[in-house]
1. So what are the stretch A:154-196's ellipsoid semi-axes, whole angstrom, largest first, if each one is the square root of 5 times an eigenvalue of the alpha-carbon gyration tensor?
2. Could you compute the net charge surrounding A:Ala76? Neighbours are other residues with a C-beta less than 13 Å from the C-beta of A:Ala76; K and R count +1, D and E count -1.
3. Under 8 Å for C-alpha pairs, at least 6 residues apart: give me the relative contact order for the stretch B:397-465, rounded to a whole percent.
4. Would you mind checking which residues have amide H under 5 Å from A:Thr8's amide H? H placed 1.01 Å from N; only 5 or more apart, or other chain.
5. Which ³J(HN,Hα) values in Hz, rounded to whole numbers, follow from the phi angles of the stretch B:21-31 under the Karplus curve 6.51 cos²θ - 1.76 cosθ + 1.60, where θ = phi - 60° and Gly and Pro get x?
6. Antiparallel DSSP bridges in chain A: what percent, to the nearest 5?
7. Return the subset of B:Lys181/B:Lys309; B:Lys9/B:Lys315; A:Lys205/B:Lys266; A:Lys6/A:Lys198; B:Lys329/B:Lys384 for which the Cα-Cα distance in this structure is over 30 Å, preserving the input order.
8. Express as a percent, rounded to the nearest 5, the fraction of DSSP beta bridges in chain B (both residues included) that run antiparallel.
Amino acid sequence: MRQFNKHTGKVVPLDRSNVDTDQIIPKQFLKSIKRSGFGPNLFDDWRYLDSGEPGMDNSIRPVNPDFILNKDCYQAASILLTRENFGCGSSREHAPWALDDYGFRVIIAPSFADIFYSNCFKNALLPIQLSEEQVNNLFEISSLEQPINLLIDLEQQTITIPNGDILKFEIDNFRKQCLLDGLDEIGLTMQYQDEIKKYEEQRRKQAPWLFVEIKA
Amino acid sequence: MAARTLYDKLWDAHVVRNDAEASLLYIDRHLVHEVTSPQAFAGLRLASRDVWRASSALATPDHNVPTTDRSKGIVDPISRIQVETLGQNCRDFGITEFDMNDRRQGIVHVIGPELGATLPGMTLVCGDSHTSTHGAFAALAFGIGTSEVEHVLATQCLLQKKSKNMKVEVSGELHSGVTGKDIALAIIGKIGTAGGTGYTIEFAGNVIEELTMEGRMTLCNMTIEAGARAGLIAVDQKTIDYVKGRVYAPSEEHWSQAVETWLDLKSDPDASFDQLVKLDAKDISPQVTWGTSPEMVVGIEGSVPDPAKEKDNVKRENMQRALDYMGLKANTAITEIKPDKIFIGSCTNSRIEDIRIAAQMVKGKKVATSIKLAMIVPGSGLVKQQAEQEGLDLIFIESGFEWREPGCSMCLAMNADRLESGERCASTSNRNFEGRQGQGGRTHLVSPAMAAATAIAGHFVNFTA
Ligand code: SF4
């Protein structure tokens, strides 16, 4: 996995709460069996005026000029600022894939849905939880006329805002290390193969019915 | 030993190793479907990894399958490729799959319990958020992303952090016609869609004890809509009776030992919870959602709320946006709302009990002429077969419903079943998000009884009055 250490980028404020994964990437795009290419369909229902289907040439579709991601000044934003319970709904990892593919590296919100939050870390996408008040402040300073840049330092767990102020954020240490090192979690678990086998053996004796083979 | 909750017990029994930051948890059962697995299998191939214990997994296509005549296959080529990819991956890695034409095919969360692949005391995962359904069997069951699907395939384990314990207690006497679905919506209405974030919820109280296994599955299914990854209900005689005799249930040889173990799958009387929520059954009437989030819900006797009365700015704007999307005016009586389509199905409400209740409501009556389409989509081939044996299909067909083949169908409209823009649907599914049932479609979440009664009346109706 890609490492994440420091990131400086432009913020786009998406002023909605409870943004669900169906909105982040609508279901018709989930038919893809690939892991990439979801960026052009990120927030598809909000971003375009027509109804999107897989295989369309997105470059010629009519865009919704009112949607914040389409405003000129927010092009190439890599930090998404949003409201509470971001990523609720389905477990689709296509949501972080789409955000990543679009170019986002960091998402800032007062709260995230559990499965989405954990999916982000598997894709080197950093979800940062700040207080309601801090998020409000960021919304205030990231106005339409002048998008702001933030400097995120994962190691230090800090966000530097344009006036030089520094916000601290909390993050679980294990997840932080995985991002910093770009760790392959499966590889990590594989190191404990012997322990897994031992557990299995013991469990098979205790509760053999859990090992009934699923066969047709 | 200190008193433990049911969740604590399930957790402890599955820890392979504890590190300071996370625990390695052993996974007993893995359900696999076509949408969230292809990239996981691709990942295995890329890293030349094999599946750790293929016989622990059960696969079926459900999201993309057509609910009409299947002999022609899947028309949409992209859907077809995804379904075929599941078949190929299962063959390559030795996983059992019930394909589209198998009688045992169905929605993963319906076929797991039905086949006895879901057992009390298990850890069970699936790349699908409604995996919480299986918690009705006192199994620790939760949805995972595709990277985690790959992790489980490769190692039979997941790195997890333990969540907090919440107890939701529902007690008192339910009004007649109020079901597991209404209880679920009432709970979400109370605690909100993020109320359970970071928690595993255990449902308790006499009302939960009195629910059937189907009702319990409906309730646990919707736990994710309250923000909690997993919901749980303690084992009792109903759980055991339900499991007995199912295909993958414990054999005769192990049965009594299994039952003995299962009877301990409840919270210790003095176990402490981080949070306790109480509901009185008498306050719960049949529920109907009016907005674009499951927490936007009222009782059938109520009306669409007025954003002008909401003091909080953000909430008021959300309400107004939802009403605009739903094409509803504040203060409209719920019973005045007229759906265009009726959908009875999804992993929330497509089990035999749901279908029986709906059949009872429509028997000898006709679907209102204003309804463009009323459809019943059984949760699995076996549910369909059972219903047909009971003659329920004929009741529906006579009253003007379409009787379909099993799958997710219009719960999320990945196949051909969908709402057109602006169409309004009374749906027994679990999500009323914008565009969920088709772009521009408007979803009202209800119980099967309400959906069926609404089909006949042509508008939401207090069928209990
Ligand atoms: S029925 Fe709906 S909620 Fe359930 S698994 Fe299928 S798509 Fe998901």
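Derivation of every value follows stated rules applied to the coordinates shown; laboratory data play no part. Remember, predicted model here, so these are calculated numbers, not experimental data. Quick reminder, even Gly has a Cβ in these numbers, built from the backbone with ideal geometry, and neighbours come from all protein chains shown.
1. Numbers: eigenvalues 225, 16, 5 Å².
Calculated on Cα positions only, the semi-axes equal 34, 9, 5 Å.
2. On the way: positive: A:Lys10, A:Lys71, A:Arg105; negative: A:Asp72.
Result for the local shell: +2.
3. Working: 96 pairs, mean separation 16.0, N = 69.
Worked out over the stretch B:397-465, it gives 23 percent.
4. When sequence neighbours closer than 5 places are left aside, the close amide H contacts are A:Ile152.
5. Couplings: 9, 8, 10, 8, 10, 7, 10, 7, 9, 10, 9 Hz.
6. Values: 12 of 25 bridges.
Around 50 percent antiparallel, to the nearest 5.
7. Details: B:Lys181/B:Lys309 28 Å; B:Lys9/B:Lys315 39 Å; A:Lys205/B:Lys266 22 Å; A:Lys6/A:Lys198 40 Å; B:Lys329/B:Lys384 39 Å.
Exceeds cut-off: B:Lys9/B:Lys315; A:Lys6/A:Lys198; B:Lys329/B:Lys384.
8. Rounded to the nearest five, the antiparallel share is 25 percent.
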